[in-house]
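Trainee: Before we start, here is the structure in question, set down as structure tokens.
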Amino acid sequence: MKQTQWYKDGVFYQIWPRSFKDGNSDGMGDLWGVIDKLDYIQSLNVDGIWFSPLYCSPGADCGYDISDYMKIAPEFGGMEAFRRLLTEAHKRGLKIIMDLVVNHTSDEHEWFQKSRQRIDPYTDYYIWRPKKPNGKLPNNWASMFEGDSAWQWDEVRKEYYLHLFAIKQPDLNMDNPLVREEVKKILKFWLDFGVDGFREDVITFISKEEGLPNDIPIPGFSGILKYNHGPHIHEYLQEFRQDVLQHYDCMTLAEAPLVTPKRAMTYISELDPKHHDIDMMIQFQCMCADCLFSDYIPMKFSLRRLKRAFRRWQVKLHGKAWNMLYLENHDHPRVISRYGSEKFRTASGKALAVSYLFQQGTPFIYQGQEIGMTNWWPKSIDMYEDVQTLNQHLKDPEEKRLKLYHRASRDSARTPMQWTGGDHAGFSEHEPWLYVNENYREINVEQEENDPDSLLNFYRKAVALRKSLKVVRDGKYREYGIFSNKIYVYERVLDGETDAAAPPREEREETPSESASEEPKAMSAQPKRILVICSFSEKPMRFLMRRGISLANADLILGSYPVKETSKVKTDGSTILRPYEARVYSIPG
């Protein structure tokens, strides 16, 4: 079957199933709830849904510890609900992307239970090592979730097993060809069932360096240089592609910690089939504008760092590979609380939306991002569920831990979706599995539906505009004012390079006149150039493109402030940007 690269024209919505919508009133989100909200999802102008894991799982890591890859968990509605979901989604033109989690399984998976008993053919399905004569562990690799060794002693087998994540997530031995055959069975099963592709969880970890040697002792990350991008990674991914994936019109999206654009080209190149293992990569660099490698090593947000990450991927992949675009997902806290401003929640949410939606690539929107959900403030450690969170900074006082968790915990992105201002935020008729953010009465879908200037309605307009513009899909990227830490400006251009232009100038903070306004204009033809301007300042600022591009001759095609508050471009080409204002202009020529 010919693969059509349909994902290049799409926008996707990510669902964290247990927190999206409870359809059977048991406090847990499920597929019946998703089916009930498919019209809402379609109203966002998206083209598909990525589901975080739906499979049977004990829940040690919220579904990323899988005990049966070929069954939908009963709490989500089982296979009956999933079959119905596929039918209803496809009726609406929505693609369905599943999570593929094959670096590890649950320790309750049948494979592991038989492996620990040395029952063939499962004996070597996992990575086992005996005790060393000197009593030391097999190596110095660390668990990313447990904060200590990645090795756990098993009393049944009398050996250690490797777990790069939680103790209940033993790593599979992908060097075993039988394990790779199991992965291919999983892929084929779901593709034949009707799904449209896979997001592949930490897939760059599946090939470990031979001999499992010690690594540089990096706290919390020791070993990553020995198992990330391992010696057989491309061989195994090509095997999955050639034996299964290339026979379906599907897409693959790989999670890739610590990947650079240069390294990504060895996986997603469109110019060399030998280096096209997968279609897109989820890079983490855009998530490091306020931290060092991990959300638990916080730093002050830097717009320069964020722009540098955007710029590197846009420039280095153009014409060679395809970007995946995102600012939120289930693995990171809410972006408004990180990169935006809770004080200017709607305005900063709009600026963040524009900042990435008009880049080249396939955008993903995470549930609740479109209404501006924020981080929550638990009153005690006991309110957290996430295994990664609960193993961080265990020796610190609770007050200090709570402050860090508020900023860094993945649970902030996993609180129930806020549908209404009613009981349990309209998520369920019963107490939810995880606490609802206390701001649900002010931030919810129902309220934003009724406000034409809401963040929700802005997302709808922005996504629709993006999909209508050929220049967004195919144009080159050029950034201006790269050293500014207050304004993000970039251009997308078809047919040739942009003219030379000086960086934009931020001259002073100002209070604009309320009477100065201009209305976004309908496009008479497809523009060959657009200019995107996003302020990341809480104060009004004078903005001027000094040469090369004149805003005086440009048409505003999207603005984040109501028309009456949108500042006009003055005769000298300058304008006043309000707090966190975002604009998209069509540029003549």
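Trainee: How about segment 151-186: which trypsin sites (Lys or Arg not before Pro) there lie in a loop by DSSP and see at most 15 other Cβ atoms within 10 Å?
Mentor: Counting only loop positions with at most 15 other Cβ atoms within 10 Å, the trypsin sites (Lys or Arg not before Pro) in segment 151-186 are LYS158.
Trainee: By how many degrees, 0 to 90 and rounded to 10, does the Cα axis of helix 455-468 deviate from the longest principal axis of the chain?
Mentor: Tilt of helix 455-468: around 90 degrees.
Trainee: Could you list SER207, SER269 in order of exposure, starting from the residue whose Cβ has the fewest other Cβ atoms within 10 Å?
Mentor: Going from sparsest to densest Cβ surroundings: SER269, SER207.
Trainee: With a 10 Å Cβ neighbour count serving as the proxy for reagent exposure, in which order, fewest first, do MET541, MET281 appear?
Mentor: Listing MET541, MET281 from fewest to most nearby Cβ atoms yields MET541, MET281.
Trainee: Using Cα-Cα distances under 8 Å and only pairs 6 or more residues apart, what relative contact order does the chain have, in percent?
Mentor: RCO, the chain: 12 percent.
Trainee: How do VAL493, VAL315 rank when sorted from fewest to most other Cβ atoms within 10 Å of their own Cβ?
Mentor: VAL315, VAL493
Trainee: Could I ask something else about it? Students often forget the sequence filter, so: which lysines lie under 17 Å Cα-Cα from LYS461 once same-chain residues fewer than 8 apart are removed?
Mentor: Of all the lysines, those that pass the test against LYS461 - Cα under 17 Å, at least 8 places apart if same chain - are LYS350, LYS470, LYS521.
Trainee: Hey, another quick one. Mind pulling the angle between the C-alpha long axis of helix 303-317 and the longest principal axis of the chain? Nearest 10 degrees, somewhere in 0 to 90.
Mentor: 80
Trainee: Right, here's the next one. Using Cα atoms only, what is the angle between the long axis of helix 398-408 and the major principal axis of the chain, expressed in degrees (0 to 90) to the nearest 10?
Mentor: The helix 398-408 is inclined about 60 degrees to the chain.
Trainee: Please give every one of the lysines within straight-line cross-link reach of LYS158, meaning a C-alpha to C-alpha distance under 27 Å, and leave out same-chain neighbours fewer than 8 residues apart.
Mentor: In chain and number order, the partners are LYS114, LYS131, LYS132, LYS136, LYS168, LYS208, LYS226.
Trainee: Under a crude label model (7 Å from the Cα following the beta-carbon direction), how far is LEU178 from PHE293 in nanometres?
Mentor: 3.6
Trainee: Would you list which lysines come within 18 Å of LYS379, measuring only between C-alpha atoms, while excluding same-chain residues fewer than 8 positions from it?
Mentor: Answer for LYS379, where 18 Å is the Cα cut-off: LYS400, LYS403, listed by chain and number.
FYI, it's all coordinate maths here, none of it is from the lab. Please read these numbers as outputs of a predicted model, since none were measured by experiment. Because the Cβ atoms are built from the backbone with ideal geometry, glycine has one as well, and the counts that use them run over all protein chains shown.
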